[in-house]
Amino acid sequence: HELGHKKDSLERWLSKITLAQTFYGHFYIEHNRGHHVRVATPEDPASSRMGENFWTFLPRSVVGSLRSSWELEAKRMQRLEKPVWHPSNDVLNAWAMSVVLWGALAAVFGWQVLPFLVIQAIYGFTLLETVNYLEHYGLLRQTTARGRYERCTPQHS
């Protein structure tokens, strides 16, 4: 998570590598370009609502974050005048890293390792989403007179 916030491209790449084991590499895109912009608003899938229990939040955040990361990358690819399925698409890169890692582990340890990889992936991204749930539970930025959300401050996380 923290590596994804760094400016150095090596550290950002290492962030994607660490997310590969959980098949949750799209988190890098959504967290930095989606969540940080929309935190504590109804538009943010990773901000838990007041009264929302974790088991309601988890699928909303997982699906919403995946959808948001794909939309963010599709817009970026469009700005670059490249097709969405281009190799420079960060969501596709993240998924490719996971496929390579899981494929290598399956090649070394046999296909029997796949159920364990799935279990650890679910456990891993659930822990990550637990942090989102706890950090932003019930926080909501107010709308200004101009119809925009107030500036994000430390009270929103």
For this session: Please verify whether the range 25-44 includes one or more residues that are buried (at least 17 other Cβ atoms within 10 Å of the Cβ), at pLDDT 95 or above and not charged (D, E, K, R).
Result: no
For this session: Output the number of the condition that T22 fails; it satisfies all remaining conditions of (1) assigned to a helix (DSSP H, G or I); (2) open to solvent by 10 Å² or more (accessible area, probe 1.4 Å).
Result: (1)
Exercise. Would the range 71-82 turn up any residue that is at pLDDT below 95, assigned to a loop (DSSP other than H, G, I, E, B), out of contact with any His (no Cβ under 9 Å at 6 or more places or on another chain) and within 18 Å of I29 (Cβ to Cβ)?
Worked result: no
Exercise. Can you find even one residue in the range 107-129 that is open to solvent by 50 Å² or more (accessible area, probe 1.4 Å), of a type in the set (G, A, S) and under 30 Å from A40 (Cα atoms)?
Worked result: no
For this session: Determine if the range 53-62 includes at least one residue that is open to solvent by less than 70 Å² (accessible area, probe 1.4 Å), aromatic (F, W, Y) and either modelled with pLDDT of 95 or more or part of a helix (DSSP H, G or I) (or both).
Result: yes
Problem set entry | Criterion: touching a residue at least 12 places away in the same chain (Cβ under 8 Å) and more than 15 Å from V39 (Cβ to Cβ) - qualifying residue of N93, N132 | N93
Exercise. Which condition number does S65 fail, the rest of (1) farther than 13 Å from F27 by Cβ; (2) out of contact with any Ser or Thr (no Cβ under 7 Å at 6 or more places or on another chain) being met?
Worked result: (1)
Exercise. Just wondering, is there one or more residues in the range 121-135 that are closer than 29 Å to G51 by Cβ, out of contact with any Leu (no Cβ under 8 Å at 6 or more places or on another chain) and among the charged types (D, E, K, R)?
Worked result: yes
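The values are calculated or read from the model by the stated rules, or taken from the named source; none is laboratory data. As the structure is a computational prediction, the values presented were derived from the model and not from experiment. With ideal geometry, Cβ positions are generated from the backbone for all residues, glycine too; neighbour counts draw on all protein chains shown. Ligands, DNA and RNA are stripped out before the accessible areas are found, and what is left, the full protein with its side chains, is counted by its heavy atoms. Shrake-Rupley method; radii C 1.70, N 1.55, O 1.52, S 1.80 Å.
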